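Some notes on the structure that comes next.
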Amino acid sequence: MNQELIQDCINGDRKAQFKLYKDCFPILMAVCLRYKKTEEDSKIILNEGFLKILNNLKSYSPPAPFEAWIRRIMINTIIDDFRKYRKVKEVIEYADMTSSQENYDKIAIDYNRADQEFDAEQIQELIGLLPPVSQKVFNLFAIDGYSHKEIGEMLDISVGTSKWHLSFSRKKIQELIKEMLDTTPKRSMNI
């Protein structure tokens, strides 16, 4: 990132801040869309996170990658939002897990076919079908690279609970992919 632009933002230059917002928007929006159900909710939390980025620009040290730094702030903002509304908005849905538990051992997926049939957006939609806590754990672990210990601290859950949510998420996504592949006709290979 351009150090002059960052310094102008620190000095309160509104045009520079707007340029930084436009430059960061695609990166931050991609993070927000992984954790929020709607685009509107994603934009709301993105704006909250960007304000934190602006307020903390003085603490950014140039040797660190700027993109990684802003992603970290955005994820922390999303986790703070989750903690704030957790007790009110989110409930773990155990009934969904028990209804298909016996099918998990039978799941076999042709990953090559799945790779050909699905794009990233479709996979993201499948992740969005997970229960809220499982979705957050999956995104934090599989996509953003946090450890179970870090996830447990962020979400105020045990390491074992974090591992359970990850396992449940993987199995549920596999099940959903298998169901979609079973209903999609195989493409013929023209060689």
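The values are calculated or read from the model by the stated rules, or taken from the named source; none is laboratory data. Note that this is a predicted model, so its numbers are computed, not measured. Using ideal geometry, Cβ is built from the backbone for each residue, glycine included, and neighbour counts are taken over all protein chains shown.
For TYR60, all conditions in the list (1) aromatic (Phe, Trp, Tyr); (2) without any contact (Cβ under 8 Å) to a residue 40 or more places away in the chain; (3) more than 19 Å from ILE151 (Cα to Cα) hold save one; what is the number of the exception?
All conditions are met except number (2).
Restricting to the range 123-168, count the residues that are hydroxyl-bearing (Ser, Thr, Tyr) and closer than 25 Å to ILE73 by Cβ.
4
TRP69 passes all but one of (1) without any contact (Cβ under 8 Å) to a residue 24 or more places away in the chain; (2) outside any helix (DSSP H, G or I); which number fails?
Answer for TRP69: the failing condition is (2).
Look at ILE127 and say whether it is surrounded by 13 or more Cβ atoms within 10 Å (Cβ to Cβ) and at pLDDT 60 or above.
Judged against the criteria, ILE127 is a match.
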